[in-house]
Amino acid sequence: DNIYTVNAGGYNVLVVGFKDHVFVMEAPNGDGTSRQAIAEIKKLFPGKPIKYVSVTHHHDDHAGGIRTYIAEGSTLLGLAGERTFFEKVTKSIFTIDPDSLTQNPQPLKWETIENGKRILTDGATTGELHDNGSGPHTEQMLVAYFPTEKLIFQGDLLNRPNNGDQALANDTTVHFSNWLDKSNLAVDLVIGVHGPPSTREELRQAVAEKLKAGK
């Protein structure tokens with residue numbers, strides 16, 4: 001009941017409402033997209049601050065709008081290897097088109113995800129952030145997993161076309177599927193930043209077809 005995706009600028013942003021705060025995963029594109037997402041988040045959970053924010057990875061279509069959340073006072077949850085990058089992002093100065101952080105300067109609030117996993121829970125809703133390791137797309141990648149709902153939120157590990165056609169697997173998808181097998185996470189639904197959701201079985205099918213084709 002407390003887990004949503006908000007569509008902002010054509011991207012799916014994960015939003016989780018806990019008892020006294022909100023967690024957001026993904027800050028795509030830029031300040032305008034993040035402002036759009038935050039407006040919808042505040043409608044879903046009025047009066048609750050966005051305490052934590054995270055991104056699947058550092059590419060601009062996933063983290064380009066992170067400065068807006070920093071301006072909100074949110075704490076960024078990330079992997080140790082990402083910290084220097086996001087410190088640099090926070091200190092950047094926007095003069096031609098001042099963004100939210102330029103207009104409301106805030107320091108980076110940072111918490112490192114230790115040992116590749118961070119659990120977020122209020123006793124009723126539980127989410128887990130997992131590092132799924134170095135793959136073909138990036139050296140570090142986070143996913144959000146919800147054990148009760150058996151769903152996982154990911155960026156660029158499996159992209160399904162918006163027309164609903166079956167997703168096509170690439171090397172990154174194969175890496176993701178293999179990681180899921182090894183992790184023993186119970187997953188029924190795979191939600192992507194890009195495109196509509198897929199089932200775990202559809203993910204397996206896409207990988208099997210890729211391997212069969214030898215591509």
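Can you give the translational diffusion coefficient of the range 112-167 in µm²/s, computed by Stokes-Einstein from the Kirkwood radius over Cα pairs at 20 °C and 1.002 mPa s? Could the numbers behind the result be given before it?
Details: Rh = 12.9 Å.
In µm²/s, the coefficient rounds to 166.
Label points 7 Å out from Cα along the Cβ direction at Asn178 and Glu149: separation in nm?
Each label point lies 7 Å from its Cα, and together they span 2.9 nm.
From the helices alone, meaning DSSP H stretches of at least four residues, give me the mean residue ellipticity at 222 nm for the chain, per-run term -39500 (n - 2.57), in deg cm²/dmol to the nearest 500. All intermediate terms of the calculation are to be shown ahead of the outcome.
Working: 7 runs with 64 residues, N = 215.
Value at 222 nm, helices only: -8500 deg cm²/dmol.
Could you please state how large a percent of the accessible area of the range 1-90 is carbon and sulfur, counting protein chains only and using a 1.4 Å probe? Intermediate results must be reported in sequence, preceding the final value.
Values: 1630 of 3520 Å².
Result for the range 1-90: 46 percent of the exposed heavy-atom area is carbon or sulfur.
Let me check I've understood the local charge: for Gln36, count other residues with C-beta under 15 angstrom from its C-beta, Lys and Arg +1, Asp and Glu -1. What total comes out? Walk me through the numbers before you get to the answer.
Working: positive: Arg35, Lys42, Lys43, Arg67; negative: Glu26, Asp31, Glu40, Asp61, Glu72, Asp99.
Once positives and negatives cancel, what remains is -2.
Contact order normalised by length for the range 1-140, with contacts defined as Cα pairs under 8 Å and 6 or more residues apart; what percent is it? Mind dumping the intermediate values first?
On the way: 236 pairs, mean separation 26.6, N = 140.
Once normalised by length, the contact order is 19 percent.
For the chain, what is the accessible area per residue in Å² when the probe is 1.4 Å? Don't skip to the answer; put the middle values down first.
Details: 10300 Å² over 215 residues.
Normalised by residue count, the accessible surface of the chain is 48 Å².
Which of the aspartates and glutamates could a cross-linker span from Lys210 if the Cα-Cα distance has to be under 20 Å and same-chain partners fewer than 8 positions apart are dropped?
The qualifying aspartates and glutamates are Asp156, Asp165, Asp171, Asp181, Glu201, Glu202.
Filter Lys91/Lys117; Lys51/Lys117; Lys109/Lys150; Lys88/Lys109 down to the pairs with a C-alpha to C-alpha distance above 20 Å, please. Each step should come with its number before you reach the end.
On the way: Lys91/Lys117 27 Å; Lys51/Lys117 18 Å; Lys109/Lys150 30 Å; Lys88/Lys109 13 Å.
Checking Cα-Cα distances, Lys91/Lys117; Lys109/Lys150 exceed 20 Å.
With springs only between Cα atoms under 10 Å apart, run a GNM on the chain and tell me which of Ile93, Ile113, Ile191 wobbles the most.
Greatest mean-square fluctuation among the candidates belongs to Ile93.
What is the Cα convex hull volume of the chain when expressed per residue in Å³? Could the numbers behind the result be given before it?
Numbers: hull volume 26.7 nm³, N = 215.
About 124 Å³ per residue, rounded to a whole number.
The values are calculated or read from the model by the stated rules, or taken from the named source; none is laboratory data. Everything quoted here is computed from the prediction, not taken from an experiment. With ideal geometry, Cβ positions are generated from the backbone for all residues, glycine too; neighbour counts draw on all protein chains shown. To get the accessible areas, we keep the full protein, side chains included, count just its heavy atoms, and leave off ligands, DNA and RNA. Shrake-Rupley method; radii C 1.70, N 1.55, O 1.52, S 1.80 Å.
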